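Notes for the one structure printed next.
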Amino acid sequence: MGIYTATIRWNRNEAIFTDKRYSRAHVWEFDGGCAVPASSSPQIVPLPFSDASGVDPEEAFVASLSSCHMLCFLSIAAKRGFVVDSYRDEAQGVMEKCTDGKLLITVVTLRPDVKFSSDTIPTSSDIHAMHHQAHEECFIAASVKTDVRCEPCLH
């Protein structure tokens, strides 16, 4: 259906390299012109060899799951006639060693807090149903083996 691209740029910048004391800071570039500072996670590669101000792949993974879920949810809410005023998700991913000793993000928990226009407030049942449908429609969640959970904040 589509091809998506990203260009990842990194330079050694005179570091010795073989001593593993080189910067992991790099840049992600996307087709629309956006450039995002990126790095390894300081939890994986200690400072100063990581750049804590850059987005790391683990954060990007969690964010992509959250973003896809949100976009599906907004579309579903609009189709059902609910007006969303704001959407905030403090998503969290947990990295663990699995039985073969490899690290992987085993669980991502989405915690969407959705505010609706006072004219169109859905019931708790409606909200859960829309989040369930959003999860089913999210192609990023369907593409991974990570357990993706949704714990909506109900008001």
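Numbers below:
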| read-out | value |
| --- | --- |
| Length added when fully stretched, His128-Glu90, from 0.36 nm per residue minus Cα-Cα | 11.9 nm |
| More than 19 angstrom apart: percent of Cα pairs within the stretch 10-72 | 40 |
| Helix 124-137 vs. the chain, principal-axis angle (Cα, 0 to 90°, nearest 10) | 50 |
| Filtered trypsin sites (Lys or Arg not before Pro), the stretch 76-155: DSSP coil and at most 12 other beta carbons within 10 Å | Lys102, Lys145 |
| Hz values of 3J(HN,Hα) by residue in the stretch 144-155 - Karplus curve (6.51, -1.76, 1.60), Gly and Pro given as x | 10, 8, 5, 6, 9, 10, 10, 10, x, 7, 9, 9 |
| Point-charge dipole on Cβ atoms (K/R +1, D/E -1) for the stretch 1-55, about Cα centre, debye to 20 | 180 |
| Cα convex hull of the chain - mean projected area over all directions, nm² | 12.2 |
| Rounded to 10°, Cα long-axis angle of helix 57-79 versus longest principal axis of the chain | 20 |
| Choice from Ser64, Ser39, Ser124 with maximal GNM fluctuation in the chain (Cα, 10 Å cutoff) | Ser124 |
| DSSP loop GluC sites (Glu not before Pro) with at most 13 other Cβ within 10 Å excluded, longest remaining stretch of the chain | 15-89 |
| Loop sites in the stretch 1-61: chymotrypsin sites (Phe, Trp or Tyr not before Pro), DSSP, at most 13 other Cβ within 10 Å | Tyr4, Trp10, Phe17 |
| Ser53/Asn13 FRET efficiency (R0 22 Å; Cβ-Cβ; nearest 0.05) | 0.80 |
| Reachable lysines, given that their alpha-carbon falls under 26 Å from the alpha-carbon of Lys20 and they are not under 8 places away in the same chain | Lys97, Lys102 |
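Only the coordinates and a few stated rules stand behind these numbers; no lab work does. Just so it is clear, the model here is predicted, and its values are computed rather than measured. With ideal geometry, Cβ positions are generated from the backbone for all residues, glycine too; neighbour counts draw on all protein chains shown.
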